[in-house]
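Undergrad: Handing you this structure, nothing more for now.
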Amino acid sequence: MSKTMLVVDDSATMRKIITRTIRKAGLPVADEILEAGDGNEALQKIEGKPVDIILCDINMPGMGGLDFVKKARTNEANKNTKIVMISTESAEGLIASVKADGADGYVTKPFTPETIQKELAPYLQ
Ligand SMILES: [Mg+2]
């Protein structure tokens, strides 16, 4: 069955690139991919309606990805949601700390369709 997905990035262009990449990779994602421009908007989108998987940028005005992960994980309703960070940040310490806060995976930008496919495939069975 196809999974529901939310893409969080302050750049509308980047959201488009990500969703297009997912479509091209042929991953089993629902027809409607939800989008949000920052962490606050993302929390609103999943309120009362958790999604299966979230792809989340880190650097965003308003609520960034690091705060979003912490907030999302405090809500029981999202405990089964997979959260994959997608960011230009590549410091190992940062990646380890966001994973400790509850992120399941991490993709660095720029990414290739293969990277996205490899990172997401295990969550889209
Ligand atoms: Mg950004």
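Undergrad: From (1) farther than 17 Å from residue 4 by Cα; (2) surrounded by 15 or more Cβ atoms within 10 Å (Cβ to Cβ), pick out the condition that doesn't hold for residue 120.
TA: Just one mismatch for residue 120, condition (1).
Undergrad: Being under 19 Å from residue 102 (Cα atoms), under 11 Å from the mean Cα position of the chain (by Cα) and among the charged types (D, E, K, R): is that true of residue 67 here?
TA: The answer is no for residue 67.
Undergrad: Restricting to the range 81-90, name every residue that is over 19 Å from residue 27 (Cα atoms) and assigned to a loop (DSSP other than H, G, I, E, B). Walk me through how you get there before you give the answer.
TA: Just the residues of the range 81-90 that are over 19 Å from residue 27 (Cα atoms), to begin with: 87-90.
Matches in the range 81-90: 88, 89, 90.
Undergrad: Can you spot a residue in the range 33-40 that is in contact (Cβ under 8 Å) with a residue 60 or more places away in the chain and not aromatic (Phe, Trp, Tyr)?
TA: no
Undergrad: Suppose the filter is modelled with pLDDT under 95, of a type in the set (Val, Ile, Thr) and closer than 19 Å to residue 29 by Cβ; does residue 116 pass it?
TA: Spelling it out, residue 116 is indeed modelled with pLDDT under 95, of a type in the set (Val, Ile, Thr) and closer than 19 Å to residue 29 by Cβ.
Undergrad: When you scan the range 72-86, do you find a residue that is within 16 Å of the ligand (Cβ to nearest atom) and charged (D, E, K, R), even just one?
TA: no
Undergrad: Hey, can you tell me all the residues within the range 11-26 that are in contact with a helix residue (DSSP H, G or I) (Cβ under 6 Å, 6 or more places away or on another chain) and either over 23 Å from residue 1 (Cα atoms) or not basic (Lys, Arg) (or both)?
TA: Once the filter is applied, which keeps residues that are in contact with a helix residue (DSSP H, G or I) (Cβ under 6 Å, 6 or more places away or on another chain) and either over 23 Å from residue 1 (Cα atoms) or not basic (Lys, Arg) (or both), the range 11-26 yields 21, 25.
Undergrad: Sort out which residues of the range 1-49 are in a strand (DSSP E or B) and within 16 Å of the ligand (Cβ to nearest atom), and write them in order of number.
TA: Result: 6, 7, 8, 35, 36.
Undergrad: Of the residues 93, 62, 102, which single one is surrounded by fewer than 15 Cβ atoms within 10 Å (Cβ to Cβ), assigned to a loop (DSSP other than H, G, I, E, B) and modelled with pLDDT of 95 or more?
TA: Only one candidate qualifies: 62.
Undergrad: What number of residues in the range 36-52 are under 17 Å from residue 101 (Cβ atoms) and either surrounded by fewer than 17 Cβ atoms within 10 Å (Cβ to Cβ) or among the β-branched types (Val, Ile, Thr) (or both)?
TA: The total comes to 1.
Undergrad: Same structure, new question: Determine whether the range 104-117 contains at least one residue that is within 16 Å of the ligand (Cβ to nearest atom) and of a type in the set (Asp, Glu).
TA: No, the range 104-117 contains no residue that is within 16 Å of the ligand (Cβ to nearest atom) and of a type in the set (Asp, Glu).
Undergrad: So the check is Cβ under 8 Å with 6+ separation or different chains; which pairs have a first residue in the range 42-57 that's in contact (Cβ under 8 Å) with a residue 12 or more places away in the chain and under 16 Å from residue 76 (Cα atoms) and a second one that's basic (Lys, Arg) and buried (at least 18 other Cβ atoms within 10 Å of the Cβ)?
TA: 52/82; 53/82; 54/82
The values are calculated or read from the model by the stated rules, or taken from the named source; none is laboratory data. None of these values were measured; they are calculated from a predicted model. Don't worry about glycine lacking a Cβ; one is built from the backbone with ideal geometry, like all the others, and counts go over all protein chains shown.
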